[in-house]
Amino acid sequence: MNWLLAPVREQGAPEGIFGGECVTCGELSPLVDDDPQPVAIWAIRHTQREPSHGLFLFRAEKHWRVERCADGIEGDAEARSGRHPVAEFFDRAFGPAFVGLMCLLTAFAGYLMAYT
Ligand SMILES: [Zn+2]
């Protein structure tokens with residue numbers, strides 16, 4: 001019997017669920033579907049409010065389902081894609097675009113603080 005672990009792709013299923021936590025005080029961001037940008041903005045605003053709180057734990061979550069494979073279908077997603085699907089998800093979730101956005105927002109936040 002083969003089993004397959006695969007991301008849930010039904011209509012309406014979020015591509016990712018994002019959240020953040022301040023390591024200093026434990027405050028949690030709202031959880032948002034599909035777009036990490038609100039979590040980035042939440043973190044920057046939190047640090048603006050509490051300047052000594054600059055370290056965050058970001059999470060990207062996704063629903064996965066284990067299913068039985070029909071006979072003859074390769075059940076190992078890693079073998080098919082060459083990479084583990086969970087690793088691919090995290091690459092997409094917190095990839096270079098997200099880091100670029102963070103730097104941009106941080107620079108913008110600094111600009112706002114300098115002129116207020
Ligand atoms: Zn905090």
Final fewest-first order of V86, V8, V32, V66 on the 10 Å Cβ neighbour count is V66, V8, V86, V32
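Please work out how much length the chain gains when fully extended from L55 to I41, using 0.36 nm per residue of separation minus the C-alpha to C-alpha distance, in nm with one decimal.
Stretched fully, the L55-I41 segment lengthens by 3.7 nm.
Where a number appears in this text, it was derived from the coordinates with a stated rule and is not lab data. Values in this document were obtained by computation on a predicted structure and should not be read as measured data. Glycine also receives a Cβ, built like all others from the backbone with ideal geometry; neighbour counts cover every protein chain displayed.
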